[in-house]
Structures are given as C-alpha cells and as structure tokens.
Amino acid sequence: MTNDEKKIRGEKQIDENLKRVYEEVVNEELPDRFKDLLSQLKSQSTGGGSDASR
C-alpha cells in the first residue's frame, strides 16, 4: 500500500467517524432546561411582546 493510499484510507475513516458522531449528536434529545427556555421564549413572542424588551 502506497503512502497516498494510506492517506486516503485514513481520511475516509476520519470522515466516517465524524459523520457518525454528528449523527449521534443530532439525534440526542434536547435537555429539559432548553425545552423550558424555548417554551418561555415562544410564549413571550406570542404574548404581546411586553416582556420581549427585557
């Protein structure tokens, strides 16, 4: 195996690992505190905006 082939093989393995890790992170459930924060922000934006200026 030549150096170029080893480099290509290593790069391919890195690409596959990065894609796998990315997919795992994307599929993680959102923490409850973030869900709560998103709910608060959503209610502020639909609640007339009186608290949005804080």
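The values are calculated or read from the model by the stated rules, or taken from the named source; none is laboratory data. All values reported here derive from a predicted model rather than from experimental measurement. A quick note on method: Cβ atoms are made from the backbone with ideal geometry, for glycine too, and the neighbour counts reach across all protein chains shown.
Considering only segment 10-27, I want to know if a residue exists there that is out of contact with any helix residue (DSSP H, G or I) (no Cβ under 8 Å at 6 or more places or on another chain), outside any helix (DSSP H, G or I), exposed (fewer than 10 other Cβ atoms within 10 Å of the Cβ) and modelled with pLDDT of 95 or more.
Yes; the residues of segment 10-27 include at least one that is out of contact with any helix residue (DSSP H, G or I) (no Cβ under 8 Å at 6 or more places or on another chain), outside any helix (DSSP H, G or I), exposed (fewer than 10 other Cβ atoms within 10 Å of the Cβ) and modelled with pLDDT of 95 or more.
Restricted to segment 34-51, and to residues that are outside any helix (DSSP H, G or I) and surrounded by fewer than 10 Cβ atoms within 10 Å (Cβ to Cβ), which residue is modelled with the highest pLDDT?
Selected residue: 48.
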